[in-house]
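See below for the structure under consideration.
The values are calculated or read from the model by the stated rules, or taken from the named source; none is laboratory data. Keep in mind the model is a prediction, meaning the values are calculated, not measured. Cβ placement follows ideal geometry from the backbone for every residue including glycine, while neighbour counts extend to all protein chains displayed. These accessible areas exclude ligands, DNA and RNA; they are computed on the full protein's heavy atoms, side chains included. Shrake-Rupley method; radii C 1.70, N 1.55, O 1.52, S 1.80 Å.
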Amino acid sequence: HERPPADGVAYVGAVDMSGGGPDASTLAIAHAEPDTDPPHLVLDLVRGWREKNVEGVVGEMAAHCKRYRVGSVVGDKYAAEWPPAAFRRHGIEYEAAPRNRSETYLELHPLLATGRAVLLDHSTLLRELRQLERRTGRQGKDTIDHPPRLHDDHANAAALALVEADEESGMHFDVRNSFMVA
């Protein structure tokens, strides 16, 4: 369910924060292995919390980040300044993701389809990934999201971490401006 941190590996972290409602606050940590052929992106940790004390959850997330030598996490723009301030109190920087959830899933898709992304045996994560739906809008633009009344908290954090690891590896391929063959 989790790969321990290794020396000499550069890890990235991503979070999907909840306000304490039915969604989970989740943390994912990943790294790139550029020396493999093709270069792999490895998911090392996925954790979720369904607690109302979200400040305490941030403290636990920060402890995991420090174990993996992760000094910053990427997450969505949820709750404006609260997540960045909460993570700063624990010595971790919080950066807004450069893409929305759907764009992140669209970039994750080819990483999974080509076998470049190596996932964990985590039942919640795998269920959430399988439940994602791809839709084509009236303008011909594809979106990927979870069905109504279902959750994608673990999948969202994992997708963010893997796509960020891909970008930092220098092997990133931006699918937003490209055609994908299914």
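Some notes on this structure:
- Taken over region 76-95, the criterion of being of a type in the set (A, V, I, L, M, F, W, C) and modelled with pLDDT under 90 is satisfied by Ala79, Ala80, Trp82.
- Only one of the listed residues (Val58, Val70, Val15, Val54) is among the β-branched types (Val, Ile, Thr), buried (at least 22 other Cβ atoms within 10 Å of the Cβ), farther than 14 Å from Glu164 by Cα and in contact (Cβ under 8 Å) with a residue 24 or more places away in the chain. That residue is Val58.
- Residues in region 22-38 that are free of Cβ contacts under 8 Å to residues at least 60 places away in the same chain and either part of a strand (DSSP E or B) or more than 16 Å from Thr114 (Cα to Cα) (or both): 2 in all.
- Some residue of region 134-143 being touching a residue at least 12 places away in the same chain (Cβ under 8 Å) and open to solvent by less than 40 Å² (accessible area, probe 1.4 Å): no
- For the residues Leu112, Leu108, Leu125, Leu120, the requirement of being open to solvent by 50 Å² or more (accessible area, probe 1.4 Å), closer than 16 Å to Ala30 by Cα, under 14 Å from the mean Cα position of the chain (by Cα) and not hydroxyl-bearing (Ser, Thr, Tyr) singles out Leu112.
- Residue that is farthest from Asp76 (Cα to Cα) [pool: residues in region 1-31 that are charged (D, E, K, R) and out of contact with any Ser or Thr (no Cβ under 8 Å at 6 or more places or on another chain)]: Asp7
Let's see how each residue does on (1) more than 16 Å from Ala161 (Cβ to Cβ); (2) assigned to a strand (DSSP E or B):
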{"site": "Pro98", "(1), (2)": "no, no"}
{"site": "Ser102", "(1), (2)": "yes, no"}
{"site": "Tyr105", "(1), (2)": "no, no"}
{"site": "Leu112", "(1), (2)": "no, no"}
{"site": "Asp121", "(1), (2)": "yes, no"}
{"site": "Arg127", "(1), (2)": "yes, no"}
{"site": "Arg130", "(1), (2)": "yes, no"}
{"site": "Arg135", "(1), (2)": "yes, yes"}
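- Every residue from region 84-109 that is in contact (Cβ under 8 Å) with a residue 40 or more places away in the chain, farther than 25 Å from Arg3 by Cβ and in contact with a strand residue (DSSP E or B) (Cβ under 8 Å, 6 or more places away or on another chain): Ser102, Leu106
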